[in-house]
Amino acid sequence: MSLLGGIRPPIAVLSALLLSLAAVTALVLGPAGDTSLPKAVQTSQQHFAEDGAIALRASIDESVTDLDRAAGLFSAGDPVSGDTVLDKLGNTYQKWMGTAVIEIRSGKLVAARGETVPLTSLDRSTLGAEGGLAPRMVRLENGEVRLLSFALLSWPGRPQLLLVASNSLKFPGISLGQFRAIAVVDRSGAILSSDGIPEPEQVLTELQRKEVAASTKQLKSFAKQASAQAGRQPLSTKEPGSGGYLGVSGSLLGGTWLSDRSVAGYATLSSPQPGESTTATALGLTVVAMVKVAEDPTRSTSSVFWLVAAGALLVIGGIAVAVLLGTVQRPLIRLFLESRRLTRGDLDRPVSVPGYGEARRIGTALERLRRQLLGEPAEDTGPAPAGRGLRRVGTRALLAVSAVLLLAWSVPLLLVLNRADGTVVVPQQLVNDQRERTDTLTDRVRRALNEGEADLQSVASLIGDRTTPAEMTKVLDRTLNQHLRYQSLYVVDASGHVVARVGDKPREAGPKPAEADPLRLLGQGGTKPIVAGTAEIPGRDGSAVVGEFRIDFLNSMLKRPGLGVVRVVDDHGQIIAGNTGYLAFQSLPSERLQDLVLAAGQKVGKSAHPAGVLYREGGVQIAAAAPFVGGGPAKKLGWTVVSWQPADRLAIPEYDVQHRTVLAGLLGAAAAVACLGWMHIVVARPLRALADQAEALADGDRRTVLFPRNHDEVGAVTRALEVLRQYLQGQRRDRPTGRRRAPDTAHEQHVRN
């Protein structure tokens, strides 16, 4: 008889699962030991470094793209002098530290602006080779590093010129807060630029100078470790299912200084799309962000609870398994043995009848069948009296008792024990990081809008009064393909007529566009916001270039892990963009978030400052808001970026214990439901149906054929009853007298099979 089904496997599996869960509860789900520095703080530094890497990558790629596009627009028009090129670049963009134009063939310097560009390191003979115009890093004599970008200026009949722009590797708009340093590291681990650590001569006391030296040494150590990790495959650095940043990122723990632990996050520059490469990612740079966090050495968790929980599970599980063995498995196996004895012809000994439930009913029916095989009429054997008390308890009730025992251990873990309330300790560093990351994200959105408006100004300055609509369309199409921020680009004359356009249909073309603000929020009252940028075209009587920004472009910049829900609201507190689903022009979901936005917008000194707060009422929640405070036309929009997230999603010790407790309860409940449900399907239901069939057979029903449905104990008893039915049916035909013979060899062979 196959025992792949039946009563034994589910009980054996349940026993194994309970033993495994007890071991996991005591050894794996127990405390992680020292919790003086929560894991959430380390993860937050990793996200901070990822933000810095994204900002640096976007800045480098945007700078290279702007330089190349501007050179292409100049080359497409009439020849101009090098001074004119640099003057227009300087008026449109304020991003390069130095610019220069040289003649490629002779190496003559044609024009220069700003900081002296290190042209001596440039080999003009390699410019025509593959990748010859790729940006490159150059170290100056003072140790600073400059990133050189190149673009060609070509006009028919004139010597070819090289446009060179020099910039530092400083981070654009990164909010460091206090006690934080950030650095750019190359493949060898050398620090190319850093910020946040003062120079020794900038501090006053000897203790501060020692702290500066220790911080500098620690940052260099982190830089070496980060560069060693940068060559790994990105997927190998992520936890399963974490997703998030496409490049290599992680966190590092350093030494202590006056009870403060140095924690760092690192991230390589990565393309925004999987499998792609950009100019910045080819440079092999890594961002390292370091912060000092105060440790609490007294903060630790005990393993007593988990040992007690594991011991309780062993006791409760042992009782439940004993109930199943003594009240379900043993009676069923006894029925199997008794039924097989009867089919072999051993009719002298009465059937051992179990005490209660379906097993008792089947055992009583077997005893009646034994007596009928000995010649007694079915009427004389009579039905057995109905059971009373515990005799009426069936297999389903016994399974329910076992389930109650197991759930008595699981349910308190799921719902009651180790609950983290509103007094949970949330590290102040997490609130600071939420505020600073939100401020960094605000600056990134503001810069993106300013860059878009600068692109429009650049295009407008290159469209002269004699440019045809076809030529305008060509310039607009090139700009639209190079920048994904626009959904529509068009030129409008003073009367509002669209002269040339590319992309989607213009939604906000109107008269007198040159008098409009450089950046405007339109579409109020509708279902989709419209952010439009306008740049007047010189010499065309009020005509202007208008670009409508894609809201999805703004939404994509807000998708940062570890910040929770992020929203961009206008000066009236209405939602414009977000990283999750939202309704445009709706208010924030709670009054306290609205109050936070208003508080962050209040000027302290000359400008407003970002704000971060920890809410404890209605669930512990971290929130931050940062208004537009930088320069450029985007500042006039008055927008604010606000973010919030529940603290229970962070790796804080109290919440970790709660989550592990819930996990233990879920595992226990799942084991109980799976195994007991398995037993109900393969044992309880078939046994109940078999009890009805056995009683009908004992009452004289000789026509109903009993079909075994499974190769298990219940199926074996069913086959035995079918053999007995066939023999009783043949006995009636033969009308024998006296003691009846045992079932024949054919029947015995059928039972064995």
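Can you tell me the dipole magnitude for the range 286-366 around its Cα centre, using point charges on the Cβ only (Lys, Arg +1; Asp, Glu -1), in Debye to the nearest 20?
Computed about the Cα centre, the dipole is about 360 debye.
With a point put 7 Å past each Cα toward its Cβ, work out how far Trp155 is from Lys512 in nm, to one decimal.
A separation of 3.8 nm, rounded to one decimal place.
How would you order 571-580, 165-174 from highest to lowest mean count of nearby Cβ atoms within 10 Å?
By packing density, highest mean first, the sequence is 165-174, 571-580.
With the cut-off at 1.5 for a/c, could you classify the range 121-215 from its C-alpha gyration tensor as rounded, prolate or oblate?
Note, shape of the range 121-215 comes out prolate.
Could you tell me the calculated FRET efficiency between Thr704 and Val662, based on Cβ-Cβ distance and R0 = 35 angstrom, to the nearest 0.05?
Computed FRET efficiency for Thr704 and Val662 comes out at 0.10.
Which of Lys88/Lys603; Lys474/Lys512; Lys220/Lys606; Lys88/Lys170; Lys88/Lys505 have a Cα-Cα distance over 26 Å?
Too far apart for the 26 Å limit: Lys88/Lys603; Lys220/Lys606; Lys88/Lys505.
Indicate the helices, whole DSSP H runs only, in the chain that combine a mean Kyte-Doolittle hydropathy of 0.5 or more with a Cα extent along their long axis of 27 angstrom or more.
For the chain, where a helix must reach 27 Å along its axis and average at least 0.5, the hits are 8-27, 304-324, 395-415, 653-679.
If the chain between Asp692 and Phe179 were fully stretched, how many nm would it gain, using 0.36 nm times the residue separation less the Cα-Cα distance?
176.8 nm
If you roll a 1.4 Å probe over the chain with all protein chains in place, what percent of the accessible area is carbon or sulfur?
53
Pop out the ³J(HN,Hα) list for the range 105-115 in order, Karplus 6.51 cos²θ - 1.76 cosθ + 1.60 with θ = phi - 60°, rounded to Hz; leave Gly and Pro as x.
Each residue of the range 105-115 in turn: 5, 9, x, 6, 7, 8, 7, 8, 9, x, 4 Hz.
Please list, by residue number, everything in the range 256-275 whose backbone N is under 12 Å from a paramagnetic label point 7 Å out along Cα→Cβ of Ala228.
No residue passes the distance filter.
Which one, Val315, Met97, Gly77, projects farthest toward the positive side of the charge dipole computed for the chain from Cβ point charges (K/R +1, D/E -1)?
Val315
How high is the FRET efficiency between Phe305 and Ile681 when r is their beta carbon distance and R₀ equals 51 Å, given to the nearest 0.05?
Here the calculated transfer efficiency is 0.90.
What do you get for trypsin sites (Lys or Arg not before Pro) in the range 550-624 restricted to DSSP loop and a cutoff of at most 14 other Cβ within 10 Å of the site's Cβ?
Lys559, Lys606, Arg616
Choose one of Thr704, Val717, Leu690: the residue whose Cα lies farthest towards the positive end of the charge dipole of the range 668-719 (beta-carbon charges +1 Lys, Arg; -1 Asp, Glu; about the Cα centre).
Thr704
Arg124 versus Ala282, label points 7 Å from Cα toward the beta carbon: distance in nm?
It works out to 2.3 nm between the two label points.
Which length gain, in nm to one decimal place, applies between Thr423 and Asp195 when the Cα-Cα distance is subtracted from 0.36 nm times their residue separation?
78.5 nm
Run the simple label-point estimate for Lys603 and Thr256 please: 7 Å along Cα→C-beta, distance reported in nm.
The modelled label-to-label distance comes out at 4.6 nm.
Just to be sure I understand, if you calculate semi-axes √(5λ) of the Cα gyration tensor in Å for this structure, which of [x] 79, 32, 25; [y] 63, 31, 19; [z] 53, 38, 21 do you get?
Of the listed options [x] 79, 32, 25; [y] 63, 31, 19; [z] 53, 38, 21, [x] comes from this structure.
Could you give me the ³J(HN,Hα) list for the range 276-281, computed from phi with Karplus coefficients 6.51, -1.76, 1.60 and θ = phi - 60°, whole Hz, x at Gly and Pro?
Calculated HN-Hα couplings, in order: 9, 9, 10, 4, 5, 5 Hz.
Send over the semi-axes of the range 1-120's equivalent ellipsoid, whole angstrom and largest first, taken as the square roots of 5 times the C-alpha gyration tensor eigenvalues.
70, 21, 12
To the nearest 0.05, how large is the calculated FRET efficiency for Ala23 and Arg330 if R₀ is 22 Å and r is the Cβ-Cβ distance?
Working from the Cβ atoms, E equals 0.20.
The values are calculated or read from the model by the stated rules, or taken from the named source; none is laboratory data. Fair warning: this is a prediction, and the values are worked out from it, not measured in the lab. In this analysis, Cβ positions are derived from the backbone assuming ideal geometry, glycine residues included, and neighbour counts consider all displayed protein chains. Accessible surface is based on the protein model in full, side chains and every heavy atom, while ligands, DNA and RNA are left aside. Shrake-Rupley method; radii C 1.70, N 1.55, O 1.52, S 1.80 Å.
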